[in-house]
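Novice: There's a structure below that I have some questions on.
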Amino acid sequence: EVQLLESGGSLVQPGGSLSLSCAAFGFTFSGHDMTWVRQAPGKGLEWVSLIYRRGSDTFYADSVKGRFTISRDDSKNTLFLQMNSLRAEDTAVYYCARDREAGDGSLDFDLWGQGTLVAVSP
Amino acid sequence: EIVMTQSPATLSASPGERAILSCRSSQTVNNKLAWYQQKPGQAPRLLIYFASTRATGVHARFIGSGSGTDFTLTINSLQSDDFAVYYCQQYVHGPPLTFGGGTKVEI
């Protein structure tokens, strides 16, 4: 079955660190750009970070730049998000998602994980 | 950063009616726009990409249109399963990507 499964979310104190994983199944993971999108409780979607195929380039929202690091291990079909210096405003459900089609000038996302909750609180 | 503005924030409609959702960008995004549907407790689902192309498996009652800065998602003959929150997202110059604030379609 084609799917993405996130893990790693938990309760963490402000200033702490957390690492999220997103395991990919049923498709050629290395052939897709991948992204993280988050959603604070009761709020809309916020793009967080993106990594191109082969990890050639990475991008971050200003709100997380310098604190979060996106990476991928194509040999393990897994996407990662290392989150440091966490703040209360980072509290959200974090989704990983797959770019629908590489190389056609698009960055829209046709496969999403179920999400993992990160709660930053004392 | 390109700002995406969706209106209305909430749209009340009845099954069988047509819903028209608007998305406006602060600068042109050409046709580099996607629409997503999100139901409570679920991940977003891609409906439309390149402003007007339906994603795989999306019903023909979902119609995307527009170009430049003004876009519309039309949902014809609303079904009970269509009541959800809808988001637009631009990707004209690659990252940073931005989403609109969402439109909730409710009964």
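Novice: For residue B:67 and residue A:67, what does the FRET efficiency come to when R0 = 35 Å and r is the distance between their Cβ atoms, rounded to the nearest 0.05?
Specialist: 0.45
Novice: In sequence order, what are the phi-derived ³J(HN,Hα) couplings for segment B:75-80 according to the Karplus relation 6.51 cos²θ - 1.76 cosθ + 1.60 with θ = phi - 60°, rounded to whole Hz, with x for glycine and proline?
Specialist: Along segment B:75-80, the couplings run 10, 7, 6, 3, 9, 4 Hz.
Novice: Considering the Cα positions of chain A, please state its Rg to one decimal place and its Dmax as a whole number of Å.
Specialist: Just the Cα atoms of chain A yield Rg and Dmax of 13.6, 45 Å.
Novice: Now, a different point. Are there trypsin sites (Lys or Arg not before Pro) in segment B:28-107 that DSSP puts in a loop and that have at most 15 other Cβ atoms within 10 Å, and which ones?
Specialist: Taking segment B:28-107 and a limit of 15 other Cβ atoms within 10 Å, the loop trypsin sites (Lys or Arg not before Pro) found are B:61.
Novice: Okay, next question. Per residue, what volume in Å³ does the convex hull of the Cα atoms of chain B enclose?
Specialist: 90 Å³
Novice: Averaging over every viewing direction, what projected area does the convex hull of the Cα atoms of the protein assembly as shown cover, in nm²?
Specialist: Reported value for the Cα convex hull: 11.8 nm².
Novice: Can I ask one more? Using a 10 Å cut-off around each Cβ, can you sort A:70, B:63 from fewest to most neighbouring Cβ atoms?
Specialist: B:63, A:70
Novice: Give, as ranges by residue number, the residues of segment B:2-39 whose backbone N falls under 16 Å from the point 7 Å along Cα→Cβ of residue B:81.
Specialist: Counting only backbone N, you get B:15-16, B:37-39.
Novice: Looking only at B:11, B:33, B:73, which one moves most when chain B is put into a Gaussian network model with springs between Cα atoms under 10 Å?
Specialist: Of B:11, B:33, B:73, the most mobile in the Gaussian network model is B:11.
Novice: Within 10 Å of each candidate Cβ there may be at most 13 other Cβ atoms; applying that plus a DSSP loop requirement, which chymotrypsin sites (Phe, Trp or Tyr not before Pro) in segment A:73-122 survive?
Specialist: Passing sites in segment A:73-122 do not exist.
Novice: Could I ask something else about it? Within 10 Å of each Cβ in peptide A:41-47, how many partner chain Cβ atoms are there on average? Round it to a whole number, please.
Specialist: Mean partner-chain Cβ count within 10 Å for A:41-47: 5.
No value in this document is a laboratory result; all are computed from the given coordinates. Remember, it's a predicted structure, so these values are computed and weren't measured experimentally. Note that each Cβ is placed from the backbone with ideal geometry, even for glycine, and that neighbours are counted across all protein chains shown.
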